[in-house]
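Note sheet for the following structure.
Read the figures in this text as sums done on the coordinates, not as results from a lab. All values reported here derive from a predicted model rather than from experimental measurement. Cβ placement follows ideal geometry from the backbone for every residue including glycine, while neighbour counts extend to all protein chains displayed.
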Amino acid sequence: MSDEKDAKAEAKAAKAKAKALRPWFKKKRFWLLGIVGVFIAMQVTSGSDSTTTTSSDSEEVVAENATEDTIGTGLGSKDATADIDSVDCGTVDSFGARYPEVKVTNRSEKTSKYVITVDFESSDGSTKYDETIVMITSLNPGQSMTEKGMVMGDIPDGAVCKISEVQRTAD
């Protein structure tokens, strides 16, 4: 009997040793990590496609006019264009800088960050003069905030500013 037990124990030990000596790429834990990594990479890249389109021709964009068809949504899980309350193109200071202001109300259920692209274009939309990024961080649900961007370009009279992209990500 003991010879039979010894033979089974030796076979089991040999199998365990062979399993331990397998190359790293044949071990289950590495395949599982690879599959999870590919899944995460797919999720991250699927949200990064963004388009840049324009809104109405007025100097002030109001949330009712900001629709998914007119403003790119960029990164973020949901369309945040309804969170934009208004945009003011700002005035030119003595150094030639312009400071557009964007008012945002967080209408989501989570504290969020916003990255908003404001374009300066000709009134007919045929020429883009410049753009600026307006960033708002840690805006709690229901809170509003107005933040400024800055443009240091030669923006001709009659140019309009438009929101071209809104990205909202939860903190």
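Sort SER108, SER122 so the one with the fewest other Cβ atoms within 10 Å of its own Cβ comes first.
Least crowded to most crowded, the residues run SER122, SER108.
Just add up the charged neighbours of ALA11: K/R +1, D/E -1, any other residue whose Cβ is under 14 Å from the Cβ of ALA11.
Summing Lys/Arg as +1 and Asp/Glu as -1 gives +2.
In square nanometres and to one decimal, what's the mean projected area of the convex hull around the Cα atoms of the range 99-154?
The directionally averaged projection comes out at 4.2 nm².
Using θ = phi - 60° and the Karplus form 6.51 cos²θ - 1.76 cosθ + 1.60, what ³J(HN,Hα) does each residue of the range 82-97 get, whole Hz, x for Gly and Pro?
5, 7, 7, 8, 6, 9, 10, 5, x, 10, 8, 8, 5, 8, x, 8
Check GLU131: other-chain or 5+ apart residues with amide H under 5 Å from its amide H, H built from backbone geometry?
When sequence neighbours closer than 5 places are left aside, the close amide H contacts are PHE120.
Just to check I understand the Karplus step: with θ = phi - 60° and J = 6.51 cos²θ - 1.76 cosθ + 1.60, what whole-Hz values come out for the range 122-137, glycine and proline as x?
Each residue of the range 122-137 in turn: 5, 4, 8, x, 7, 10, 9, 8, 6, 8, 9, 10, 10, 10, 10, 10 Hz.
Limiting things to C-alpha atoms, what are the Rg and the maximum Cα-Cα separation (Dmax) for the range 63-170, in angstroms?
That works out to 13.8, 41 Å for Rg and Dmax.
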